[in-house]
Amino acid sequence: MAAIAATLRAMSMMKTLESNAGDYSRSGLPVRRARIPADCAGLRLDAVLAQLFPDLSRSRLAAWLKDGHIMVDGAQAAPSRKTWGGEMVELRMPEGILETDDKPEAIGLSIVFEDKSLIVIDKPADLVVHPGSGNRSGTLLNALLHHAPGLAEIPRAGIVHRLDKDTSGLLVVAKTLEAQTDLVRQLQARTVKRHYLALVHGQAGQDGTVDAAIGRHPTQRTRMAVVPGGRQARTHYRVLERFARATLLECMLDTGRTHQIRVHMASIGHPLVGDATYGKRKSGDTLLDTFPRQALHAWQLGLLHPVNHEAMQWESALPEDFTQLLDTLRSLP
């Protein structure tokens with residue numbers, strides 16, 4: 001019953017959001033309105049806002065609520081306020097959505113596809129996606145702001161999912177708030193298809209699925225781990241090619257948890273080659289041990305276009321370092 005109620009609530013929220021997209025205030029800044037569904041009665045306002053606007057982070061919504069950018073029935077309200085259902089929420093997007101340190105930078109991008117709603121990027125290894133501690137510049141976000149200045153008005157410059165710094169391959173960026181909302185919903189509904197190529201240590205057995213919850217490591221807070229009470233995570237994998245001490249896999253994600261493939265493969269005894277965090281420091285194979293990054297490449301991306309709902313798919317060729325590693329492995333006796 002709980003699952004049915006959650007589905008009905010989500011459908012109600014989608015209808016509310018879709019009917020109010022694309023409005024603007026007199027200042028020209030976008031305004032988003034949504035009526036709180038009746039079946040949300042009794043929930044905290046901050047929890048309801050997170051469901052109404054899933055493309056925006058809870059911390060950003062909380063800050064905007066505090067600063068008066070979000071009104072409930074025309075008045076400010078505390079995050080802990082209980083909702084009754086039926087209230088009208090109005091979110092007035094403030095100027096300067098991004099942090100002041102997020103500046104445009106002329107960094108080259110490999111663009112696979114671009115239109116008025118989307119940009120599909122083929123990210124190289126060693127490029128950080130989003131600014132953070134120790135990486136305030138030189139990121140994909142900085143490059144996007146230079147390539148498309150309008151992304152400054154989109155939360156996270158339109159980035160809806162990430163790749164680790166040393167993972168190469170495809171990711172999609174939304175150019176409008178409407179596209180971002182739609183893509184976030186597709187990710188939540190698991191209709192975005194993300195296929196990866198991963199070289200793992202050891203001889204993996206038959207094709208399989210790892211269905212194991214992922215959360216913060218209980219003692220090493222910078223790492224993720226398979227832990228009780230973590231967030232649901234599911235990775236399917238298929239054996240593509242076997243080598244003496246490694247296996248090339250195709251991995252397909254049902255969910256998108258932080259470091260998901262890396263954690264899941266390590267949990268079944270087949271960590272990724274080159275993974276300094278979850279992998280083997282020394283496997284006894286010099287070729288594998290000296291590969292300088294995790295051998296993971298997002299080679300295929302499929303989704304429904306957020307405007308016309310056309311099914312779209314893109315592929316990315318393996319980068320040179322990954323290709324050379326495989327070629328060398330194939331040449332060995």
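So here's what we get for this one:
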| quantity | calculated |
| --- | --- |
| Sequence-distant aspartates and glutamates (8 or more away, or on other chains) whose Cα lies within less than 13 Å of LYS193 | GLU250, ASP254, GLU315 |
| Shape call, the chain: gyration tensor on alpha carbons, a/c limit 1.5 | prolate |
| Largest-first ellipsoid semi-axes for region 175-333, taking √(5λ) over the Cα gyration tensor eigenvalues, angstrom | 29, 21, 13 |
| Added length on full extension, which subtracts the Cα-Cα distance from 0.36 nm per residue, ASP46 to ARG245 | 66.6 nm |
| Between region 135-177 and region 31-60, the Cα center-to-center distance that results, in Å | 25 |
| Entries of LYS103/LYS175; LYS165/LYS280; LYS116/LYS165 with Cα pairs more than 24 Å apart | LYS116/LYS165 |
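Computed from the coordinates by the stated procedures, all read-outs in this text should not be read as laboratory data. A quick note: this is a predicted structure, and the numbers were derived from the prediction, not measured.
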